[in-house]
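The values are calculated or read from the model by the stated rules, or taken from the named source; none is laboratory data. As the structure is a prediction and not an experimental result, all values here were calculated from the model. Note that each Cβ is placed from the backbone with ideal geometry, even for glycine, and that neighbours are counted across all protein chains shown. All accessible areas refer to the heavy atoms of the entire protein, side chains included, with ligands and DNA or RNA removed. Shrake-Rupley method; radii C 1.70, N 1.55, O 1.52, S 1.80 Å.
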Amino acid sequence: MDISDKLKSSLERVESAGMVALDPVQTEVMDFLDGLKQHLIQNPEPVFAILRRVKPILIVKDTAVVTLFEDVQEVLSRDDVFQVTYREKMEVIGGGSNFFLGMQNSPDYERDVSHMRTVIRREDLPGRVLPFVSATAEGLVAASGGRLDVVQQLGRVVPTCWVVDYFGCLEADENQLAADATVMFQYLFTDLTNDPVVGKGAREAAARARDWLDRSIAQRKSQSPASQPDDVIGRCFALQRAGVPGMDDIAIRSNLLGLLVGAIPTTSKCCAQALDELLNRPDKLDEAQQAARSDNDALFAGYVFEALRFNPNNPGLFRIAAQDYVVAKGSMHATTIPRGASVVAATQSAMFDDRFVEKPNEFRTDRPPYVYMHFGYGLHKCFGEYINRVQIPGILKPLLKRRNLRRAEGDAGRLQYSGPFPSSLTVSFDP
Ligand code: HEM
């Protein structure tokens, strides 16, 4: 019996025990789950790699983990069967209002996404988003004097400043806003145990953020329509004046709140983790730096998003099964996921599935775009996808242009976490 066979038989025992009764092997089940949880949190890919081979769809207790490329896409594209679970918490954050990531496929979902697509436009990327991001990042790198905490002094600052500017809000305490967005994100998406401390922090953060958005909207309302700047709030007001439904002040606030929660901690995390992966590979870091210095933005972005594949923002996305459903029907590993089960669509695992991703353990920048699932798949695919393609490389580029870029000495130079989010990664470079 090789290691895979042993694991397979162990998984089968754990799976059947987990589904039926947890008596004779309860300790083994719990140990296994604890071990799996630790692994999954810190470095899930080795576990995913084994699952892809021996148990591509694992069901333990009431949770299914789906690991193969096409199965992950099947789960995320069947939004009627595998539904998002964020509504209740979205309403807590929104002061009673849901946000479209918390909605099932419905007229309200379509209305709100359409409104936000009307006010946050892809054509703003080259002339507006990128110049703002680049100038802000360059200013921070230049001011640092050659030593910079990529999380605290760059990655979380730029998206926060960008949100305030692009939305057209009142000035904000950037540190507070970034911290508030982070705890709200944690509460909504990663706090699976409903930790009361996280819940309390998120409620307080949400109240502060709602108040700031209310004041921003009121201040902007006090200006005449003719003098409204052409920014997100100005464009929302234009829809409101045209009598478009679902665009009253509370709806504007809820949409902006949901967007800023989605935008700030994710961007910050991706910047830190992508850079960390590049620092782990000096040859790739060197190539990425050459791409940055020669302003080959497409190639540079290729390095950033390939680096992120090794430590993505989220290894998987959660759904709940609204009915019994057979995933991978007709295949040898077809598996019925029972109604009510939680489902983890392991997007990182999909990005390492060698039937779709050539030599997945190699760092390559020539992969077709469809292999990347950093931004999800299907109905709820990231609203900010095209912003991210510009913003994350745009934040890192000024730093990677610097000579002699390296980790700071000691612990400061290691990527450190506070909960699910990076808290610090300090680098040094020739100023
Ligand atoms: C590095 C940056 C980002 C990453 C890695 C990221 C990742 C994701 C992922 C994986 C999802 C899918 C969630 C699911 O299916 O359960 C998602 C959805 C979403 N993201 Fe992002 N995101 C990023 C930045 C942004 C930005 C900048 C914005 C806003 C400007 C944003 C707004 C949203 C929204 C609104 C949704 C829900 C879309 C929907 O329900 O249709 N995200 N994001």
Exercise for the section: Scan the range 315-324 and give yes if some residue there is outside any loop (DSSP other than H, G, I, E, B) and more than 14 Å from the ligand (Cβ to nearest atom), otherwise no. Expected result: yes
Exercise for the section: Looking only at the range 140-153, decide whether some residue is in a helix (DSSP H, G or I), closer than 25 Å to Gly413 by Cα and at pLDDT below 95. Expected result: no
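Which one of Gln83, Gln152 is polar (S, T, N, Q), in contact with a strand residue (DSSP E or B) (Cβ under 8 Å, 6 or more places away or on another chain) and more than 16 Å from the ligand (Cβ to nearest atom)?
On the way: Gln83 fails: more than 16 Å from the ligand (Cβ to nearest atom).
Criteria check complete, one pass: Gln152.
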Practice task
Go through the range 60-84 and count every residue that is in a strand (DSSP E or B) and surrounded by 22 or more Cβ atoms within 10 Å (Cβ to Cβ).
Solution key: 4
Completion exercise
Within the range 85-115, the count of residues that are out of contact with any Gly (no Cβ under 9 Å at 6 or more places or on another chain), open to solvent by less than 30 Å² (accessible area, probe 1.4 Å) and assigned to a helix (DSSP H, G or I) comes to 2
Practice task
Those residues that are within 23 Å of the chain's Cα centre (by Cα), touching a residue at least 60 places away in the same chain (Cβ under 8 Å) and either within 7 Å of the ligand (Cβ to nearest atom) or surrounded by fewer than 20 Cβ atoms within 10 Å (Cβ to Cβ) (or both), I need them from the range 391-420; list them, please.
Solution key: Gln391, Ile392, Gly419, Pro420
Practice task
Of the conditions (1) open to solvent by 60 Å² or more (accessible area, probe 1.4 Å); (2) within 16 Å of the ligand (Cβ to nearest atom), Ser222 clears all except one; give me its number.
Solution key: (2)
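Looking at Arg281, is it in contact with a Phe, Trp or Tyr (Cβ under 8 Å, 6 or more places away or on another chain), under 23 Å from Val47 (Cβ atoms), in contact (Cβ under 8 Å) with a residue 40 or more places away in the chain and more than 16 Å from the ligand (Cβ to nearest atom)? Spell out how you get there, then give the answer.
Numbers: in contact with a Phe, Trp or Tyr (Cβ under 8 Å, 6 or more places away or on another chain): yes; under 23 Å from Val47 (Cβ atoms): yes; in contact (Cβ under 8 Å) with a residue 40 or more places away in the chain: yes; more than 16 Å from the ligand (Cβ to nearest atom): yes.
So Arg281 passes the test.
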Fill in the blank from the handout: If you go through Ala334, Ala321, Ala288, Ala292, the only one that is buried (at least 17 other Cβ atoms within 10 Å of the Cβ) and more than 23 Å from the chain's Cα centre (by Cα) is Ala292
Handout entry: Residue within the range 352-364 that is assigned to a loop (DSSP other than H, G, I, E, B) and in contact with a Leu (Cβ under 6 Å, 6 or more places away or on another chain) present
Key = yes
Exercise for the section: For the range 193-241, name all the residues that are touching a residue at least 60 places away in the same chain (Cβ under 8 Å) and not in a helix (DSSP H, G or I). Expected result: Pro229, Asp231
